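Colleague: Handing you this structure, nothing more for now.
The values are calculated or read from the model by the stated rules, or taken from the named source; none is laboratory data. This is a predicted model, so every value here is computed, not measured. Please note: Cβ atoms are built from the backbone with ideal geometry, for glycine as well, and neighbour counts cover all protein chains shown. Accessible surface is based on the protein model in full, side chains and every heavy atom, while ligands, DNA and RNA are left aside. Shrake-Rupley method; radii C 1.70, N 1.55, O 1.52, S 1.80 Å.
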Amino acid sequence: MAKHLPPPKNKHLSQSSHKAKKEPILSAKDRDLLSERQFSAKTLVACLVSSLLLVGLRYIPAEGWIKAVVYALPLAAASAGVVMRLFTMLSEKDYYDEDIIMLAVSLIAFASGHFVAASVSMILYRLGEAFTNLAVSNCKKHFDEFVSSGTRKANVLKNGRVYSVRPEQLVPGDILIVSPGETVPLDGIVIEGMSTIDSSLISGDKTPFNVSSGSKVLSGCRNLSRDLKIQVTRGYDKSAYVRIIDGLMDTNRKKAKQEIYSSRFLRYFTPAAILAAVLLAVIPPIFYGEWLSWIERGVVILIMACPCALSVSVPLCYMSGLVNSTKKGIQVENADVLENLSRTETMVFDKTGIITDGVYTVAAVFPEKGLSTKQLLQAAAEAERFSKHPVAKALRQVVELSPLEDGENAEIEELHGKGVSAYVKKHHVYVGNASLMEEHGIHYRVPQRAGAAIHVAVDEIYWGYILVNDKLKTGAFDAIESMRRLGVRNMVLLTGDVRSVSRTLASSLNFDMVKAELMPEGKVAAVEYLMATKGEHSSLGFVGDAENDREALMRANIGIAVGAIDAENPFDTADVVIMSKDLGKLPQMMDISRTTANAARLNILAAAAVKFGVIIFGAFGIVPISLAAVFEAGVTIFSMINTMRILKPEKKVHEDE
């Protein structure tokens, strides 16, 4: 994880006219994860020079030791870079590195008289290395594009003066000045100014939005139009942008099962193949003679001992998948989560704020006889005066609340999943669902129209009900159907709404199952039941709100928080954090996860098939050294090209083809 400097005292601040010290966002150890291999044209030049020498030497007559000296030239040209790295590998005691193995292959082949095969093997190995480095560089380029979009300085207001400091020097409560064109360095809340913000870096949403006093803004967002004064709410290492970067670069991140299996396979396969090559080259000729023939067979097996096709390609698949999802505003916790996503067959959705916009409007009011519509709405709104529930906001928008008198206290109790109990002007008011009325023995009317019913009772007397509607989120149907096409078989809707309303909504979106009239604990119980009844090798995802659905998110195999840009600590609750409220991100997430897992699986199968096939046929003398080198380089190049497709341009998976 990146190390952050402690906040300094004021004397360490320098005025904004001074240049802030430029330091890398990531520690050297973290950046090594992507910088160990870098594509270089020198490798291709070495392959080209060696190939030209090899072709040219075929027309030069030479015999004996002169031929050996002449054919050493293309081998030296191809292997120069490998030899330069040899001492480093030996000092690190990395004896099973592919460089050492292929250098041994070429030298043994050359010593046994296979001059052309020795050079061909090294040329093809270096060609495969070039493709490997190209794939790594491609992933690194995408990652660096994301990292470089952040900012390494912050303009802080202290005692009426503006200072330029590093973001990690700031603490909650500090005041930032963010000018047009600048990136917000830390999470905060706007305290002065109005502007337009581009959050595409962290949310993947390319549509800018307006902010004003009281609006939350996250680090990584770009200010587009006017100056903003922002109060810091989270320190550097708790801010959204840094947590995303640290999550990507966590060298201790949990690995995918395919990464673990391929690593475990290579741990035993490589030394076993080397041992088999030695035994095959030494033991049979003791009894049958023909040393050169058996040495050639041993060299073929030694070529197959190279681990590159698996040791690099499989981890690179998951790193590419994580980088790609992050660039689209989908923060996946680790490679294991990404792999589990690819096996998801059941997706459970909360309704309010996920499938719907979560913005309620009053659709109809049904007061009891002797009461007016205004009286019913006023009583409900007064009781919901301080509630943060979306329904409470809808009620307060249609009436004007009376001011509290001096010394008057609003006694309001939130009844989670049911409504509120409040004392308004010395009257006891209940506002909530049918369960609340039944709990207190209050007879209520059953609504005859579609909509969520909010019942109101004053002093144990039923006053009537209010119907509120929540608009279906744009693109919800397309997102759900796209996920079906990507392999999610079962769609489940969980909601606290009445059955009649919930079933209509679920039917319109083709949900396979709907559970209605659920309390928060009922949603958790439903997730636990679905977890217990799912397939052993499949995963269950829960799509909900990072704050209101914490328990359900943590119970599922994969907790997916949508619209988390306003959440307090979404990374502590969910396995996947989608900052945007756009449900189109869900099929994108599934597409990336399945593409990644399939690419890793194909790399493993291709490498295993080629290696075992060549080993078997090579042991019988059917596959010569040059052909074995072609197979090894071919499967390496194939694996890298297959890996690079994970970072392909975005595909519109949410539209019908």
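Colleague: In 5 Å bins starting at 0, how do the alpha-carbon pair distances of the stretch 446-508 split up by percent?
Modeller: Pairs per bin, as whole percents: 3, 13, 20, 19, 15, 10, 8, 5, 4, 2, 1.
Colleague: Could you tell me what fraction of 2.2 N^0.38 Å the Cα radius of gyration of the stretch 426-539 comes to, as a two-decimal ratio? Intermediate values should be presented prior to the final figure.
Modeller: Numbers: Rg = 17.6 Å, N = 114, 2.2 N^0.38 = 13.3 Å.
That works out to 1.33 for the stretch 426-539.
Colleague: Determine by what factor the alpha-carbon radius of gyration of the stretch 300-367 differs from 2.2 N^0.38 Å, reporting the quotient.
Modeller: Details: Rg = 22.6 Å, N = 68, 2.2 N^0.38 = 10.9 Å.
Here the Cα radius of gyration is 2.06 times the empirical estimate.
Colleague: Something else about it: Could you tell me the relative contact order of the stretch 143-203? Use alpha-carbon pairs under 8 Å, at least six residues apart, and round to a whole percent. Kindly include the intermediate steps, with their values, before the conclusion.
Modeller: Values: 47 pairs, mean separation 19.2, N = 61.
It comes to 31 percent, rounded to a whole number.
Colleague: Right, another one. Would you check the accessible area of ILE461, probe 1.4 Å, heavy atoms only, in square angstrom rounded to 10?
Modeller: We get 110 Å² for ILE461.
Colleague: Under 8 Å for C-alpha pairs, at least 6 residues apart: give me the relative contact order for the chain, rounded to a whole percent. Let's see the in-between values first.
Modeller: Numbers: 1239 pairs, mean separation 95.8, N = 657.
Relative contact order comes out at 15 percent.
Colleague: I want the local charge near GLY613. Using Cβ-Cβ distances under 15 Å, sum +1 for each Lys or Arg and -1 for each Asp or Glu among the other residues.
Modeller: So the environment of GLY613 carries a net charge of +1.
Colleague: Take the residue pairs LYS393/LYS418; LYS351/LYS471; LYS351/LYS393; LYS238/LYS585 and return only those whose Cα atoms are more than 20 Å apart. Walk me through the numbers on the way to the answer.
Modeller: Numbers: LYS393/LYS418 16 Å; LYS351/LYS471 11 Å; LYS351/LYS393 18 Å; LYS238/LYS585 24 Å.
LYS238/LYS585, as the Cα separations exceed 20 Å there.
Colleague: Which value, in Å to one decimal place, does the Kirkwood hydrodynamic radius take for the stretch 133-184 when every pair of different Cα atoms is included?
Modeller: Values: mean 1/r = 0.0762 Å⁻¹.
One decimal place: 13.1 Å for the Kirkwood radius.
Colleague: Next question. Which of the trypsin sites (Lys or Arg not before Pro) found in the stretch 333-370 are loop residues per DSSP with 12 or fewer other Cβ atoms within 10 Å of their Cβ? Spell out each step's value before the answer.
Modeller: Working: sites: ARG343, LYS351, LYS369; in loops: ARG343, LYS369.
Answer in residue order: LYS369.
Colleague: Oh, and also: With Rg and the Kirkwood Rh both taken from Cα atoms, where does Rg over Rh land for the chain? Numbers along the way, then the final one.
Modeller: On the way: Rg = 32.5 Å, Rh = 29.1 Å.
Result: Rg/Rh = 1.12.
Colleague: For the chain, what are the DSSP H helices with axial Cα length of 27 Å or more and mean Kyte-Doolittle hydropathy of at least -1.0? Can you show the working numbers first?
Modeller: On the way: long enough: 64-91 (36 Å, 1.38); 115-148 (48 Å, 0.50); 257-288 (45 Å, 0.88); 585-619 (51 Å, 0.75); 625-644 (29 Å, 1.50).
Qualifying helices: 64-91, 115-148, 257-288, 585-619, 625-644.
Colleague: Another question, then. Determine the relative contact order of the stretch 291-447: mean sequence separation of Cα pairs under 8 Å and six or more apart, normalised by residue count, in whole percent.
Modeller: Working: 119 pairs, mean separation 18.6, N = 157.
Over the stretch 291-447, the number comes to 12 percent.
Colleague: Next question, about the same structure. Give the separation of the Cα centroids, the stretch 133-170 to the stretch 555-576, in Å.
Modeller: Distance between centres, Cα-based: 24 Å.
Colleague: Here's a follow-up. Using 25 Å as the Cα-Cα cut-off, could you pick out the over-long pairs in LYS328/LYS473; LYS327/LYS534; LYS206/LYS534; LYS257/LYS515; LYS140/LYS257? Intermediate results must be reported in sequence, preceding the final value.
Modeller: Values: LYS328/LYS473 20 Å; LYS327/LYS534 31 Å; LYS206/LYS534 37 Å; LYS257/LYS515 33 Å; LYS140/LYS257 23 Å.
From the list (LYS328/LYS473; LYS327/LYS534; LYS206/LYS534; LYS257/LYS515; LYS140/LYS257), the Cα-Cα distance tops 25 Å for LYS327/LYS534; LYS206/LYS534; LYS257/LYS515.
Colleague: Another one. Divide the volume of the convex hull of the Cα atoms of the stretch 329-446 by its number of residues and quote the answer in cubic angstrom per residue.
Modeller: Details: hull volume 22.7 nm³, N = 118.
In the stretch 329-446, the Cα hull volume divided by residue count equals 193 Å³.
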